[in-house]
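J.: After the structure tokens below, expect a handful of questions from me.
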Amino acid sequence: GPSYNPQPGHASGNNKEGNQSGQPNAKLAGRSLIGAIPSPTYQVTESGKVVVKIKVDRNGTVVDAQPGDAGTNFTNKTAWEAARKAALKAQFTMKADAPEFQYGTITYIFNITQ
């Protein structure tokens with residue numbers, strides 16, 4: 001498909017390459033990710049998508065991450081834990097007038113490692 005650069009909060013996330021397989025994307029209304037989305041470290045033998053619900057404070061720190069949000073299509077516990085740990089390392093831009101906590105998602109696509 002055509003390459004495009006969705007804005008933060010776009011339904012396909014705000015990663016620079018759009019929503020490609022294997023490329024995680026992050027969604028948090030009105031906020032941008034600082035740097036790259038942390039990649040999970042994992043050893044899994046199946047492919048699938050894990051959507052992590054994130055809770056972000058005004059400083060842009062992810063204070064809670066819960067894998068298994070809508071869109072998750074496999075239940076590999078190792079992958080869930082790897083996605084949770086990676087999501088907790090993500091950092092978003094500060095927003096002084098944001099709600100105390102904002103909720104968003106980070107989607108990880110796990111591909112079988114050959």
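The values are calculated or read from the model by the stated rules, or taken from the named source; none is laboratory data. All figures in this text were calculated on a predicted structure; none of them were measured in a lab. Glycine gets a Cβ as well: all are built from the backbone with ideal geometry, and neighbour counts include every protein chain shown. What goes into the accessible areas is simple: the full protein's heavy atoms, side chains included, and nothing from ligands, DNA or RNA. Shrake-Rupley method; radii C 1.70, N 1.55, O 1.52, S 1.80 Å.
J.: So which residues in region 86-111 are open to solvent by less than 30 Å² (accessible area, probe 1.4 Å) and either among the hydroxyl-bearing types (S, T, Y) or farther than 17 Å from K53 by Cα (or both), if there are any at all?
T.: The answer is A98, T105, T107, Y108.
J.: Specify which of the listed residues (K49, K55) is open to solvent by 50 Å² or more (accessible area, probe 1.4 Å), farther than 15 Å from A98 by Cβ, modelled with pLDDT of 80 or more and assigned to a strand (DSSP E or B).
T.: Of the residues listed, the single one that is open to solvent by 50 Å² or more (accessible area, probe 1.4 Å), farther than 15 Å from A98 by Cβ, modelled with pLDDT of 80 or more and assigned to a strand (DSSP E or B) is K49.
J.: If you take the residues in region 65-102 that are in a strand (DSSP E or B) and touching a residue at least 60 places away in the same chain (Cβ under 8 Å), which one is nearest to Y42 (Cα to Cα)?
T.: F92
J.: Further question on the same structure: Quick check on my filter: what residues within region 62-80 are closer than 22 Å to Q102 by Cα and open to solvent by 50 Å² or more (accessible area, probe 1.4 Å)?
T.: Selection gives V63, D64, Q66, D69, A70, W80.
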